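Read-outs: derived from the displayed coordinates by stated rules, not from any lab. Computed from a predicted model, the values in this text were never measured in an experiment. Cβ: placed from backbone, ideal geometry, glycine included. Neighbour counts: every protein chain shown.
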Amino acid sequence: MRGLGSRLRKALPSIFEGPYFPARHEFVSTQVPRTSASAVAFAQGLFPGANGAAKPISLTMSPRHADPLLRFFDMCPRYAAHKNQIKAALVRGRGRGGVVLLQCVDAQSATSF
């Protein structure tokens with residue numbers, strides 16, 4: 001992730017020029033340890049310290065119950081319903097010689113892909 005942040009800084013120098021400033025550059029993560037580690041590594045790639053050393057980065061972690069952007073799959077009733085439809089289709093398809101046939105159950109699902 002640090003490499004990705006570094007490449008983004010090089011690709012968009014006018015956006016990421018200057019030093020890291022917490023009030024200007026906000027990094028948000030879920031409360032899952034691997035996502036917060038990835039966010040910090042990405043931020044350190046965007047704003048490297050002197051001689052490429054890691055520097056402290058401010059990271060905001062949203063509470064799980066108030067995180068609709070990063071955990072949309074837990075918050076969106078339409079997504080949950082669609083996921084349940086897919087699971088049901090997979091279960092129905094298992095009895096057909098190993099071939100799983102997924103059919104869209106309504107026009108709304110068909111246009112969402």
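Laid out as a table, the results:
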| item | result |
| --- | --- |
| Peptide ranges 80-89, 36-45 listed from the most packed, as the mean C-beta count within 10 angstrom indicates | 36-45, 80-89 |
| Ratio of Rg to Rh over region 2-66 (Cα coordinates, Kirkwood Rh, two decimals) | 0.99 |
